Amino acid sequence: MDRTTCGYLAGISGGIVMNIWNLFDYYVLHISQIRFLDWAIVLLTLAKPENVFVTVLGLIIQIIVWDGFLGIIFAHLIVPITSQGVVYKSTFYGVLLWFIFKVIVNLYKVPVLSGMQPFPGGISNLLAIILWGIILGIVLNKFNEKLT
């Protein structure tokens with residue numbers, strides 16, 4: 001497998017785990033006020049998904065397109081940096097992306113996504129992003145072991 005495919009699959013793996021946590025948090029714990037799968041639809045339409053079809057479409061876009069793309073970027077960034085400590089680096093990468101995206105959404109006052117989320121929801125979202133980064137690094141490490 002090439003680096004792009006490894007990064008894509010690692011990003012998707014992380015996205016699945018991240019969304020499992022986020023959906024558990026949203027529907028069971030009621031801490032978060034918005035699901036990660038809503039982000040793609042809100043950025044495209046400036047409104048939350050209104051039916052199951054649009055919700056599933058948002059989930060597919062978020063995991064298969066966005067998380068896969070971010071995994072590819074990380075897989076290619078890690079080459080010049082070195083492959084030691086990939087899990088730490090991928091976790092930092094996830095947290096950095098979370099911060100950047102939150103700042104951009106708030107600067108541009110994107111409806112539904114911008115504004116102050118209560119502290120517990122923000123921490124829960126950060127935990128989900130940390131899970132994404134950890135899974136991204138673990139899966140990339142597994143692929144690297146198979147390649148060498």
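The values are calculated or read from the model by the stated rules, or taken from the named source; none is laboratory data. Computed from a prediction, not measured in an experiment: that's the story for all the values here. Using ideal geometry, Cβ is built from the backbone for each residue, glycine included, and neighbour counts are taken over all protein chains shown.
What number of residues in region 48-72 are acidic (Asp, Glu) and either in a loop (DSSP other than H, G, I, E, B) or at pLDDT below 95 (or both)? Before the answer, list the steps.
Narrowing region 48-72 to residues acidic (Asp, Glu): 50, 67.
Still in the running and either in a loop (DSSP other than H, G, I, E, B) or at pLDDT below 95 (or both): 50.
Going through region 48-72 one residue at a time, the tally reaches 1.
Please work out which residue is nearest to Gly122 (Cα to Cα), limiting yourself to region 74-86 and to residues that are surrounded by 14 or more Cβ atoms within 10 Å (Cβ to Cβ) and β-branched (Val, Ile, Thr).
Step by step, filter region 74-86, then rank; the result is Val86.
Within region 87-114, restricting attention to residues that are part of a helix (DSSP H, G or I) and over 17 Å from the mean Cα position of the chain (by Cα), which residue is surrounded by the fewest Cβ atoms within 10 Å (Cβ to Cβ)?
The qualifying residue surrounded by the fewest Cβ atoms within 10 Å (Cβ to Cβ) is Leu107.
Of the residues that sit in region 115-126 and are of a type outside the set (Ser, Thr, Tyr) and in a helix (DSSP H, G or I), which one is surrounded by the fewest Cβ atoms within 10 Å (Cβ to Cβ)? First the steps, then the outcome.
Within region 115-126, the first condition is being of a type outside the set (Ser, Thr, Tyr), and the residues that meet it are 115-123, 125-126.
After this cut, where a residue has to be in a helix (DSSP H, G or I) as well, the list is 119-123, 125-126.
Details: Phe119: 9, Pro120: 13, Gly121: 18, Gly122: 16, Ile123: 13, Asn125: 22, Leu126: 15.
Filtering first and then ranking leaves Phe119.
I'd like the full set of residues that are assigned to a loop (DSSP other than H, G, I, E, B), within 18 Å of the chain's Cα centre (by Cα) and touching a residue at least 40 places away in the same chain (Cβ under 8 Å), limited to region 32-47.
If the condition is that a residue be assigned to a loop (DSSP other than H, G, I, E, B), within 18 Å of the chain's Cα centre (by Cα) and touching a residue at least 40 places away in the same chain (Cβ under 8 Å), then Ser32, Gln33, Ile34 are the ones that fit.
Return the pair list, or none, for Cβ contacts closer than 6 Å from residues in region 101-130 that are in contact (Cβ under 8 Å) with a residue 60 or more places away in the chain to residues that are part of a loop (DSSP other than H, G, I, E, B) and among the basic types (Lys, Arg), at least 6 apart or on different chains.
Val112/Lys48
Being under 26 Å from Gly137 (Cβ atoms) and touching a Gly at 6+ places or on another chain (Cβ under 8 Å), is that true of even one residue in region 40-59?
Within region 40-59 (the criterion being under 26 Å from Gly137 (Cβ atoms) and touching a Gly at 6+ places or on another chain (Cβ under 8 Å)), the answer is yes, since at least one residue qualifies.
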